[in-house]
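Undergrad: Sharing a structure below in structure tokens format, with a few things to ask.
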Amino acid sequence: MKRSDADAASQRSYSSAETRNAVSHIQAAESLHEISVKTPTLRDYFATEALGLCFAQYLNHAEVEGFSENWRDGVAADAYLMADAMLKARG
């Protein structure tokens with residue numbers, strides 16, 4: 001059973017409006033917690049911004065040398081290295 005189906009089934013089993021309201025508040029709090037856990041950091045933001053440049057640089061390299069087996073890992077690692085350098089430069 002999918003979560004939304006389970007939520008719908010549990011909503012139907014409550015007899016009072018107060019209980020349904022309390023469950024709704026708990027579900028909203030759980031959703032806010034999920035969002036806060038998944039919120040990107042400044043480092044993630046900088047890495048995202050650098051990713052295109054790192055990928056373009058790798059494509060230039062791969063044009064001459066060919067693609068390596070784990071090229072995606074290298075591009076991602078380079079993006080985070082660039083993000084770390086940006087954070088360091090920021091002070």
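Undergrad: Identify, please: which residue in the stretch 55-91 is aliphatic (A, V, I, L, M) and open to solvent by 100 Å² or more (accessible area, probe 1.4 Å) and is, among those, farthest from the chain's Cα centre (by Cα)? Step through it out loud before you land on a result.
TA: Narrowing the stretch 55-91 to residues aliphatic (A, V, I, L, M): 56, 59, 62, 64, 75-77, 79, 81-83, 85-87, 89.
Cutting the leftovers down to open to solvent by 100 Å² or more (accessible area, probe 1.4 Å) gives us 64, 81.
Details: Val64: 33, Leu81: 18 Å.
Here the answer is Val64.
Undergrad: Going through the stretch 66-91 one residue at a time, which ones are among the hydroxyl-bearing types (Ser, Thr, Tyr) and in a loop (DSSP other than H, G, I, E, B)?
TA: Ser68
The values are calculated or read from the model by the stated rules, or taken from the named source; none is laboratory data. Since we're looking at a predicted model, the values are computed, not measured. Ligands, DNA and RNA are excluded from the accessible area calculation, which covers all protein heavy atoms including side chains. Shrake-Rupley method; radii C 1.70, N 1.55, O 1.52, S 1.80 Å.
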